[in-house]
Amino acid sequence: MRFSVQQDLAGTTVEVLDVLADPGFVPELGSLPKVGTPELLEHRVEGGRLHQRVRYRFTGDLSPAVTKVLDPSRLVWVDETTWDLAAGTATFRIEPEHYANRLRCSGRQGLAARGDGTRRTVEGDLSVSYPLVGRAVERAILSGLKDHLAAEAELLGRRLAGRP
């Protein structure tokens, strides 16, 4: 399933990228709903590129239909992102620690100046291979991804404004 999300963020592209590239921002993401405190596995800058790997754990509620086929305690994944810091673009890949043969997700994101703020565009492909419920699970994951990005944008805005 192809997806695309656009958001208008407070701050210039440089300011937004500075926050997103700050390893100190990762623990703050633990305040967002439905994920535990993220674990920064790798943060490396080489030749104008930032390579970052962050482990997430799903902590939200799931319907009984979903928990019949998925163990909520095994919903753990690593987000591998590589930013081109000069261009303000990134590629990402989601690697599940469990159910790896069932889920694939990758894409790109970009930051572009828009008025006195920044437009973030996230585009990607998500595929869930599970008989009968795959499409429903894809829709649920995409809904959660959009919610997560919206909450992250609010957190980013508060950080840029100097508020906790």
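The values are calculated or read from the model by the stated rules, or taken from the named source; none is laboratory data. Every value quoted in this text rests on a predicted model; they were computed, and no experiment measured them. With ideal geometry, Cβ positions are generated from the backbone for all residues, glycine too; neighbour counts draw on all protein chains shown.
Details
- Ala140 out of contact with any Phe, Trp or Tyr (no Cβ under 8 Å at 6 or more places or on another chain) and within 25 Å of Gln6 (Cβ to Cβ): yes
- Screening Glu80 against (1) modelled with pLDDT under 95; (2) crowded, with 17+ Cβ neighbours inside 10 Å leaves a single unmet condition, (1).
- Test for Glu152: is it under 24 Å from Val45 (Cα atoms), modelled with pLDDT of 95 or more and under 13 Å from the mean Cα position of the chain (by Cα): no
- Of all the listed residues (His51, His43), the sole one being farther than 30 Å from Pro131 by Cβ, under 15 Å from the mean Cα position of the chain (by Cα) and not aromatic (Phe, Trp, Tyr) is His51.
- Among the residues of the stretch 1-38, those that are closer than 17 Å to Thr81 by Cα, in a helix (DSSP H, G or I) and hydrophobic (A, V, I, L, M, F, W, C) comprise Val16, Leu17, Val19, Leu20, Phe25, Val26, Leu29.
- Flag: Arg2 does not match the condition of being free of Cβ contacts under 8 Å to residues at least 40 places away in the same chain and within 22 Å of Arg119 (Cα to Cα).
- Test: residue in the stretch 90-113 that is closer than 21 Å to Pro27 by Cβ, in contact with a strand residue (DSSP E or B) (Cβ under 9 Å, 6 or more places away or on another chain), buried (at least 17 other Cβ atoms within 10 Å of the Cβ) and among the aliphatic types (A, V, I, L, M): yes
- One residue from Val69, Val133 being exposed (fewer than 15 other Cβ atoms within 10 Å of the Cβ), of a type in the set (Val, Ile, Thr) and over 19 Å from Val5 (Cβ atoms): Val69
- In the stretch 54-74, residue nearest to Tyr130 (Cα to Cα) [restricted to those that are in a strand (DSSP E or B) and touching a Phe, Trp or Tyr at 6+ places or on another chain (Cβ under 9 Å)]: Phe58
- Residue ID - surrounded by the fewest Cβ atoms within 10 Å (Cβ to Cβ), chosen from residues in the stretch 1-40 that are hydroxyl-bearing (Ser, Thr, Tyr) and within 24 Å of Val76 (Cα to Cα): Ser4
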